[in-house]
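One structure is given below, encoded as structure tokens.
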Number of protein chains: 2
Amino acid sequence: MADVARRAGTSTAVVSYVMNDGPRAVAAATRERVLAAAAELGYRPNRIARALRSRTTGVVGLILADSPNPYFGDLARHVERALDERDRLVLIGNAGYSAERQRRLVDRFLAAQVDALVIVSADGGEDVTPQAEAAGVPIVYVHHGPDGGRAPLVEADNQHAAQEAVEHLRGHGHARIAFLSGTHDGGPVGRRRAAWQALAGDDPDALLLRCAYTRADADVLIRRLADDDAVPRALITATDEQAIGILSGAWASGIAVPDELALISLDGTPESAHTAPALTVTRQPLRAMAEHAVELVFDPAFHAPAARAPLVVRRSCGC
Amino acid sequence: MADVARRAGTSTAVVSYVMNDGPRAVAAATRERVLAAAAELGYRPNRIARALRSRTTGVVGLILADSPNPYFGDLARHVERALDERDRLVLIGNAGYSAERQRRLVDRFLAAQVDALVIVSADGGEDVTPQAEAAGVPIVYVHHGPDGGRAPLVEADNQHAAQEAVEHLRGHGHARIAFLSGTHDGGPVGRRRAAWQALAGDDPDALLLRCAYTRADADVLIRRLADDDAVPRALITATDEQAIGILSGAWASGIAVPDELALISLDGTPESAHTAPALTVTRQPLRAMAEHAVELVFDPAFHAPAARAPLVVRRSCGC
DNA sequence: CTGAAAGCGCTTACAG
DNA sequence: CTGAAAGCGCTTACAG
């Protein structure tokens with residue numbers, strides 16, 4: 001920077017003003033000389049020095065509850081894109097469903113002086129808002145936040161999604177519609193389950209199934225139901241992971257989807273379009289959620305309603 | 001840091017030595033006082049200042065050819081874990097199959113002073129080694145690197161993987177085995193295809209299929225083959241994405257896998273275990289590849305042979 | 001509109 | 001074994 005200033009016959013202050021377009025004006029002629037000198041010397045500002053001095057790094061930390069899960073992966077991708085468009089770099093971390101690992105990542109990201117934190121939390125994660133606030137770093141949860149968390153949470157209209165799925169299956173003539181939830185369904189899945197429950201009729205408990213949000217567990221579950229001759233005629237799964245496991249277990253058990261088992265999933269990740277058969281889903285508005293979260297983290301006053309998850313009709317429902 | 005030094009009755013130099021366990025020794029008693037003072041004050045070293053001074057940030061840049069693709073996502077996850085174990089933070093970027101975006105990401109990561117660059121490149125990406133070398137930053141390619149790239153490339157033993165798949169299908173009695181490659185198959189897929197070709201018999205061209213590495217394209221391809229009554233009896237797909245698209249298109253066309261179409265995929269991502277039917281695969285050693293790459297980026301002299309992709313027998317082959 | 005200079009929070013030669 | 005001090009490359013109040 002000193003070299004550039006010297007070559008342009010000015011001071012480092014002025015070089016800074018032209019490189020950053022401010023905070024003070026620079027005469028057009030001086031500006032030209034600085035730009036020319038910078039180009040000739042191949043000068044690139046050192047972000048680290050800038051960060052130390054200005055206390056802003058241009059880096060945002062993104063923490064995922066479970067990065068192998070394509071739903072989170074897809075959400076992460078949209079957050080990355082939104083951040084990239086705002087010229088922010090993203091530091092990524094996978095909490096692997098561990099509150100301890102999540103806290104550790106927050107600590108490390110804070111030490112790295114991130115400008116903001118975007119967290120896709122999981123059931124049971126603790127609220128890290130106090131840590132972030134102590135460091136003066138804004139934070140926002142996406143899809144799922146801790147119970148009683150103080151930071152804002154961006155999620156889709158999960159109630160509406162579940163209602164759409166129930167109605168569509170009713171339209172196919174199904175009166176009894178089962179629901180596959182998580183083992184401990186707090187947060188967004190809990191809201192999906194509650195919305196289904198309100199429409200499920202007399203004895204929802206008899207129709208409520210539970211398993212972890214993994215293909216393997218759903219696969220095992222449906223095989224066991226097949227063995228017991230207890231496969232429901234219509235099923236809504238809380239997540240795509242579960243729906244995909246159901247499909248694979250049903251195939252292995254000789255249960256035909258959708259003829260013997262009509263299925264709708266409530267995530268609608270890209271995977272759901274190319275299963276056998278293709279899944280009918282309510283598609284979570286991941287892009288809108290990511291945009292909303294990024295907007296919010298830079299402008300706490302920003303407000304937008306929860307985006308809806310449109311019904312995408314494919315084959316697994318019987319259409 | 002000055003506060004800690006004052007409280008411990010010593011200098012900032014000594015505080016630095018104890019926080020970093022070096023480079024100089026500190027008397028045990030002094031060390032204790034510093035640690036106590038740091039704990040009482042809740043002192044956390046500022047990584048940015050440390051980076052400015054020591055010219056090492058503890059951050060590694062990871063660039064992915066296409067982050068929505070689960071194969072790359074899975075590879076990324078292993079790289080992240082390996083880096084996390086070495087106490088490195090990871091800056092992530094998605095090139096989206098664009099050489100231009102890849103170059104831009106490298107520029108930004110270099111400006112952010114990353115200590116190293118790990119790149120999962122795509123067909124046709126240009127070599128960014130000169131950029132990295134100019135900045136004195138080590139770089140390693142994983143899975144796929146540019147043609148004639150100067151940096152090291154870590155990949156699996158792709159030739160062996162394709163051979164295993166051919167042999168297994170032969171064992172099922174298939175003499176004519178088709179191969180689904182990419183549209184322009186350089187790099188690892190090219191090596192898989194070449195290994196198959198060497199074993200394919202008289203007229204490999206008649207058995208060579210091509211489409212992009214996406215579910216959608218493979219889905220369309222198999223439907224068209226079904227319409228033309230030209231579905232092969234046995235098929236090896238270069239990637240899981242393609243295999244999954246084949247499965248979904250075959251289902252839609254009423255072609256039974258494995259009875260009418262035996263299938264083996266050469267990626268073996270976690271997804272492949274829960275398709276309908278479950279895919280027989282050669283499982284790419286992603287974890288070993290990630291470890292190897294991370295090892296290599298910190299120690300250019302490190303050497304290990306290409307890891308093999310074991311055959312994982314499930315249902316799609318006919319077993 | 002511009003310059004000289006302080007200071008961000010560290011690390012590390014230098015001197016003792 | 002320890003301390004005083006320079007300096008990493010910037011930004012920005014201060015003074016003109």
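Quick rundown of the values:
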read-out: Chains A and B, summed buried accessible surface - 1.4 Å probe, Å², nearest 100; value: 4100 Å²
read-out: Note, ³J(HN,Hα) from phi for segment A:286-292, Karplus 6.51, -1.76, 1.60, rounded to Hz, x at Gly and Pro; value: 4, 5, 4, 5, 5, 4, 4
read-out: Note, ³J(HN,Hα) from phi for segment A:294-306, Karplus 6.51, -1.76, 1.60, rounded to Hz, x at Gly and Pro; value: 5, 4, 5, 6, 9, 9, x, 7, 4, 9, 8, x, 4
read-out: Distant-in-sequence amide H partners of residue B:154 (H built 1.01 Å from N, under 5 Å); value: B:141, B:142, B:143
read-out: For residues of A:45-53, the mean tally of beta carbons on other chains within 10 Å; value: 6
read-out: Taking N as its residue count, the alpha carbon Rg of segment B:151-220 over 2.2 N^0.38 Å; value: 1.17
read-out: Estimated distance in nm for a label pair at residue A:172 and residue A:227, the labels positioned 7 Å out from Cα along Cα-to-Cβ; value: 2.6 nm
read-out: Under the Karplus curve 6.51 cos²θ - 1.76 cosθ + 1.60, θ = phi - 60°, whole-Hz ³J(HN,Hα) for segment A:145-160, x wherever Gly or Pro sits; value: x, x, 4, x, x, 8, 7, x, 10, 9, 9, 7, 7, 5, 4, 4
read-out: Relative pair counts by distance (%), Cα atoms of chain B, 10 Å bins; value: 6, 24, 25, 18, 12, 7, 5, 2, 0
read-out: Debye log10 I(q)/I(0) at q = 0.16, 0.23 Å⁻¹ for segment A:117-188, Cα point scatterers; value: -0.67, -0.99
read-out: Cα centroid separation - segment A:1-69 against segment A:181-254, whole Å; value: 54 Å
read-out: Dipole magnitude (debye, nearest 20) for chain B, charges at Cβ of Lys, Arg, Asp, Glu; value: 1460 debye
read-out: Percent breakdown of C-alpha pair distances by 10 Å bin, ordered from the shortest bin, for segment A:232-301; value: 20, 42, 18, 13, 6, 1
read-out: Solvent-accessible area per residue for chain A (1.4 angstrom probe, square angstrom); value: 42 Å²
read-out: For segment B:122-275: span of alpha carbons on each principal axis (Å, largest first); value: 56, 29, 27
read-out: For residue B:276, distant residues with modelled amide H under 5 Å away; value: A:276
read-out: Highest average packing first - A:231-239, A:64-72, A:183-191, Cβ atoms within 10 Å; value: A:231-239, A:64-72, A:183-191
read-out: Length-normalised contact order for chain A - Cα pairs under 8 Å, 6+ apart - percent; value: 15 percent
read-out: Ellipsoid equivalent to the protein assembly as shown - semi-axes via the Cα gyration tensor, in Å; value: 47, 32, 23
read-out: Highest-MSF residue in chain A out of A:268, A:136, A:58 [GNM, Cα springs under 10 Å]; value: A:136
read-out: Using a Förster distance of 60 Å, the FRET efficiency for residue B:256-residue B:44 (Cβ separation, nearest 0.05); value: 0.50
read-out: Net dipole in debye of the protein assembly as shown [+1 Lys, Arg Cβ; -1 Asp, Glu Cβ; about Cα centre; nearest 20]; value: 2420 debye
read-out: Two-decimal log10 I(q)/I(0) for segment A:89-211, as the Debye equation yields it once each C-alpha is a single scatterer, q = 0.18 Å⁻¹; value: -0.91
read-out: Residue A:210 long-range amide H proximity, modeled H, under 5 Å; value: A:181
read-out: Rotationally averaged projected area of segment B:57-154 (alpha carbon convex hull; nm²); value: 5.4 nm²
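The values are calculated or read from the model by the stated rules, or taken from the named source; none is laboratory data. For clarity, every value in this text was computed on a predicted model and none was experimentally measured. All Cβ positions, glycine included, derive from the backbone under ideal geometry; neighbour counts span all protein chains shown. With ligands, DNA and RNA removed, areas are computed over all heavy atoms of the protein, side chains included. Shrake-Rupley method; radii C 1.70, N 1.55, O 1.52, S 1.80 Å.
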